[in-house]
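Undergrad: Here it is, the structure, as C-alpha cells.
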Amino acid sequence: MIDAQLTFYDTSRAYYASYYLQGFDELAKNEKLPISVAHSLPARLKSAIQDADWQHLLFAMVLFKFQQGDYEWYFCIDTHDVNSADVTNRTGGYHLPLLHSVDVYFKVNYNPDQIESTSVLKDFSQKIFSISQFFPVRPGSFLSLSRRMLLTPRLFGFKPGINYNAPYKNYFTDAKFRLRDLKSFQPLEQILVHREIPKDIDVFFVTSFRHNFRHEEAMEHRYQVIKKLSSIDSLKTATGFSSEKALPEKYVKVIYPRLNQVGYLETMARAKVVIYTQGIAGCISSKFGLAMALGVAVIGEPLGNNPDLLIANPHLKEQFSYSDPDEIVERAVDLVKNPERARRLGALNAHMFDNQSAPRPTAAYILQVLQKFQFLDS
C-alpha cells in the first residue's frame, strides 16, 4: 500500500480492539501498511474524547487515523451493543461527540431503522457503516503490541483523569491487566484449528447469567430453552448458565462450570448444533462470530442488527429465524438428526467468516470505505 500509515489510539480495552488490530496486522504483512500505537490524544478528537459526560463509553470505542498520500481520515469502531444516542444510558450506545468528530463511524451493531428514527443519528447517517462483530483474539504482533500498550502509562507519566491526556479514569488500572488479558486470548489461527475437532456433543447452549434487572426477561427466556433441552434424555448436551456469582435459587439446577476461552472454544467446536440467543437490546453477540469462525451449524433467534448479513448470506435466514423456546429446541433437534444439513450449514458459515467477517477482510473493508471517501472529496 503506497505511502500509507495507520495509527491506533490507545483508548480502548484489548478485549474490544484486538480483533480489528489482528486484521490490520495481517494486512500490514502483505500490503506494507505501517501500524503505530499512539498514547497521546489527537488534537482533532481531543475535546470529544475528553468530554466527561461521554467518557464512560470510551472503553469499547476503537479509534484510528489512516493516512495515505495527502489524505488522512479519523475513524472509530463502536463495539457497543446498544443503538441509543442518549448519554444517560449507561449501558452504552453511540458516542455522539466522536460521531461529530470522526470522518467515518463503524458500528458493530448497526441498525438502520434506529438511525432513521433518531434525528441526531440520521443527520450523520452517511458516515455510519456496519462492521463485523468481533471476539477477542491475541493479535499477531502480540509481544511488541502488548509491551507498548502495557508500559506507556508508567513510562510516559500518564495519570488517570481527562485533565491528564488519558482517555478514561481507570486507564492505569486497566493497563496493568492488559498483558494478562492478551495472554488469555487465543491467536486466530489457533481458534480456527478447532474446526477439526470431532463432534461428540449434540447441542451446545452455555450462556452467561446476567444479574442485572434489565436482563431478567432474557435470562428467563434462556432458561426455558435450557430446561427444554435438559428434558430430552436422548440428547448429549452442554447447556446451562455460567456465572461468577451465585445463581438465584430458581436457576441453581442448570449451572454450568465457567469456561475460559480455550475451554469454551473446544466445547462449542465439539457441538453438532449451537443454539444462539440475542444479546442485550437485540444485539449480535460474540457467540455469533465464534460459531461462524468454528464452522458450526446454528439455530436461534433472528439477527436484529446488521441486515446486510442476511442479504449477503441467505443461509443465515435458515438458522436465525426462531424466537419461541420450544421452536428453537425443536429446530435444533431436527438439525442434529440431519447431520448432512448441519455440515452444509457449518461449511457455509465458515466460508462466510473466512471471506467476509474474519479480521483481515474486515480490515480490508474498512480501507475500502475510507478510500471511497477520498474519491468523494476529490
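The values are calculated or read from the model by the stated rules, or taken from the named source; none is laboratory data. What you are looking at is a predicted structure, and each value in this text was computed from that prediction instead of being measured. Cβ coordinates were reconstructed from backbone atoms using ideal geometry, including for glycine residues, and neighbour counts include every protein chain displayed.
Undergrad: Please enumerate the residues belonging to the range 242-288 that are surrounded by fewer than 22 Cβ atoms within 10 Å (Cβ to Cβ), among the β-branched types (Val, Ile, Thr) and outside any loop (DSSP other than H, G, I, E, B).
TA: Passing the criteria: 252, 254, 255, 262, 267, 280.
Undergrad: Kindly establish whether residue 213 is in the same structural domain as residue 298 (by TED's automatic domain parsing) and surrounded by fewer than 13 Cβ atoms within 10 Å (Cβ to Cβ). If you could, list the steps in order and put the result at the bottom.
TA: On the way: in the same structural domain as residue 298 (by TED's automatic domain parsing): yes; surrounded by fewer than 13 Cβ atoms within 10 Å (Cβ to Cβ): yes.
Yes; evaluated as a whole, the condition is true for this residue.
Undergrad: Please list, ordered by first then second residue, the pairs with beta carbon atoms under 6 Å, 6 or more apart or interchain, first in the range 188-214 and on the phi > 0 side of the Ramachandran plot, second buried (at least 21 other Cβ atoms within 10 Å of the Cβ).
TA: Matching pairs, first to second residue: none at all.
Undergrad: Name the residues in the range 89-127 that are closer than 16 Å to residue 54 by Cβ and of a type in the set (Gly, Ala, Ser), would you?
TA: 92, 93, 101
Undergrad: Something else about it: Determine whether residue 102 is aliphatic (A, V, I, L, M), surrounded by fewer than 21 Cβ atoms within 10 Å (Cβ to Cβ) and not assigned by TED's automatic domain parsing to the domain that holds residue 279. It would help to see each step written out before you state the result.
TA: Values: aliphatic (A, V, I, L, M): yes; surrounded by fewer than 21 Cβ atoms within 10 Å (Cβ to Cβ): no; not assigned by TED's automatic domain parsing to the domain that holds residue 279: yes.
Against the criterion (aliphatic (A, V, I, L, M), surrounded by fewer than 21 Cβ atoms within 10 Å (Cβ to Cβ) and not assigned by TED's automatic domain parsing to the domain that holds residue 279), residue 102 does not qualify.
Undergrad: Given 81, 86, which one is part of a loop (DSSP other than H, G, I, E, B), surrounded by fewer than 16 Cβ atoms within 10 Å (Cβ to Cβ) and on the phi < 0 side of the Ramachandran plot? Lay out the reasoning, then the answer.
TA: On the way: 81 fails: surrounded by fewer than 16 Cβ atoms within 10 Å (Cβ to Cβ).
Among 81, 86, only 86 is part of a loop (DSSP other than H, G, I, E, B), surrounded by fewer than 16 Cβ atoms within 10 Å (Cβ to Cβ) and on the phi < 0 side of the Ramachandran plot.
Undergrad: Using the structure shown, decide if residue 227 is assigned by TED's automatic domain parsing to the domain that holds residue 301, closer than 19 Å to residue 264 by Cβ and of a type in the set (Lys, Arg).
TA: Details: assigned by TED's automatic domain parsing to the domain that holds residue 301: yes; closer than 19 Å to residue 264 by Cβ: no; of a type in the set (Lys, Arg): yes.
Taking the combined requirement at face value, the residue does not satisfy it.
Undergrad: Which condition breaks for residue 367 when tested against (1) modelled with pLDDT of 95 or more; (2) closer than 28 Å to residue 114 by Cα; (3) surrounded by 19 or more Cβ atoms within 10 Å (Cβ to Cβ)?
TA: It fails just one condition, (1).
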